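Structure first, then comments.
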Amino acid sequence: MNVFFENDVVRLQKSVKADVIGGGEVFISEGTVGTVVVVYGGYDHPKAYEVEFFILEHNEFALATVDAGAVIKV
């Protein structure tokens, strides 16, 4: 498992549900690139990441909590 920090750019290894900032939900497809905004569980052994994605179709941002093993380096 790779360890990431805030502002690192990552790629999803599986689809996830995300909350659109301002309301609503969207599904983010596997392979989508996002930015880590929060690390959960400590920097040496993170359990999950809060990742921000830009949703072009909605012209909005969305946030998803993603298991640490579900993202890889871009």
Selection count, segment 49-70, where residues are among the polar types (S, T, N, Q) and either closer than 19 Å to GLN13 by Cβ or in contact (Cβ under 8 Å) with a residue 40 or more places away in the chain (or both): 1
Note down all Cβ pairs under 7 Å where the first residue falls in segment 6-34 and is within 13 Å of ALA64 (Cβ to Cβ), the second is outside any loop (DSSP other than H, G, I, E, B) and aromatic (Phe, Trp, Tyr), and they're at least six residues apart or on different chains. SER15/PHE27; LYS17/PHE27; ALA18/PHE53; ILE21/PHE61; ILE28/PHE53; THR32/PHE53; GLY34/PHE53
Need at least 3 residues that are open to solvent by 70 Å² or more (accessible area, probe 1.4 Å) per element, so show me which strands (runs of 3 or more DSSP E) inside the chain make the cut, counting only ones lying wholly within it. 60-67
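The values are calculated or read from the model by the stated rules, or taken from the named source; none is laboratory data. Just so you know, these numbers come straight off a predicted model, no measurement behind them. Quick reminder, even Gly has a Cβ in these numbers, built from the backbone with ideal geometry, and neighbours come from all protein chains shown. Ligands, DNA and RNA are excluded from the accessible area calculation, which covers all protein heavy atoms including side chains. Shrake-Rupley method; radii C 1.70, N 1.55, O 1.52, S 1.80 Å.
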